[in-house]
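Here the structure comes first, spelled out in structure tokens, and everything after it is commentary.
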Amino acid sequence: MLVDRQNTSVGGTVVFIGTVREYDSENFKLLQLSYEAYETMAEEIFSDIESEAKQKWEIEGITVLHRIGTLNVGEVSVVIIVSSKHRKEAFDCCRYVIDNVKTRVPIWKMEITNGGKKWLGGTLILPTKK
Amino acid sequence: MVADTRSIVDLRLYASVKDLLGKDRIDVDWTDNMTAGDVRKKLCESFPILSVANAQFTISVNRRAVGDRELIQKTDELAILPPISGG
């Protein structure tokens with residue numbers, strides 16, 4: 001899955017894996033995280049981010065996967081795989097994709113701790129140009 | 001019989017705003033030249049808890065985040081997006 005062996009142009013593949021941390025932002029022990037998404041919009045924004053990345057760098061392939069629903073500590077929440085001819089492009093592009101996922105894609109997480117449930121404050125999505 | 005000429009736009013709610021209002025969709029009366037800012041104002045007037053909770057949100061129209069001056073058509077898909085926290 002990580003490496004497309006049919007694509008012999010690829011010289012490097014970078015993988016980012018986000019996982020659920022044990023302690024929340026206020027150091028409460030986390031029991032679970034629950035993710036919610038505006039799925040149709042999220043898919044469109046993923047697609048926009050991929051197109052932008054492919055214009056910025058010479059990229060052979062990008063895969064973005066984000067889970068929704070309830071996850072336990074240690075579980076994988078997000079995976080980004082970028083392959084390109086050279087490693088620098090792959091690293092730069094992978095960082096660009098995760099940074100933009102965090103600031104533009106309508107996904108929310110609720111922290112579930114012994115102290116209760118709380119939607120995590122985050123980034124307000126900025127208006128986009130037409 | 002008089003036809004019902006009232007036009008409604010469907011507003012999707014997510015995460016903290018959905019929990020504050022206790023529902024995932026609400027109807028908003030559509031009017032000519034209505035803007036996203038008008039929707040924001042109507043929402044805050046109808047649900048004072050949003051102001052009490054100091055709820056911040058962006059409005060999206062047809063799955064694109066917009067500013068308050070954006071004109072709304074009655075067929076548009078609207079959503080209220082509280083600050084995001086994916087990843």
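The values are calculated or read from the model by the stated rules, or taken from the named source; none is laboratory data. Keep in mind the model is a prediction, meaning the values are calculated, not measured. Quick reminder, even Gly has a Cβ in these numbers, built from the backbone with ideal geometry, and neighbours come from all protein chains shown.
Tabulated values for the structure
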read-out	value
Hits in segment B:27-58 - residues which are of a type in the set (A, V, I, L, M) and more than 27 Å from A:I112 (Cα to Cα)	B:V28, B:M34, B:A36, B:V39, B:L43
Considering residues of segment A:1-24 that are more than 20 Å from the chain's Cα centre (by Cα) and surrounded by 14 or more Cβ atoms within 10 Å (Cβ to Cβ) only, the residue farthest from A:V76 (Cα to Cα)	A:V10
Scope segment A:92-116; condition farther than 18 Å from A:D24 by Cα and either of a type in the set (S, T, N, Q) or modelled with pLDDT under 95 (or both); matching residues	A:N100, A:T103
Filter pass, A:I59 being within 29 Å of A:P127 (Cα to Cα) and away from chain B (no Cβ under 14 Å)	yes
Top-ranked residue in segment B:66-86 [being more than 12 Å from the chain's Cα centre (by Cα) and not charged (D, E, K, R); ranked as farthest from the other protein chains (Cβ to nearest Cβ)]	B:T75
Looking only at segment A:82-116, and only at residues there that are touching a residue at least 12 places away in the same chain (Cβ under 8 Å), exposed (fewer than 14 other Cβ atoms within 10 Å of the Cβ) and over 23 Å from A:A53 (Cα atoms), the one that is farthest from the other protein chains (Cβ to nearest Cβ)	A:N114
Flag for B:D24 being of a type in the set (D, E, K, R) and more than 30 Å from A:T19 (Cα to Cα)	no
Segment B:8-46, subset more than 14 Å from chain A (Cβ to nearest Cβ) and among the acidic types (D, E), residue surrounded by the fewest Cβ atoms within 10 Å (Cβ to Cβ)	B:D32
Some residue of segment A:40-56 being surrounded by fewer than 19 Cβ atoms within 10 Å (Cβ to Cβ) and more than 30 Å from B:E77 (Cα to Cα)	yes
Segment B:31-79, residues that are among the hydroxyl-bearing types (S, T, Y) and within 21 Å of A:I45 (Cβ to Cβ)	B:T58, B:S60
Considering residues of segment B:47-61 that are surrounded by 14 or more Cβ atoms within 10 Å (Cβ to Cβ) and in a loop (DSSP other than H, G, I, E, B) only, the residue farthest from the other protein chains (Cβ to nearest Cβ)	B:F47
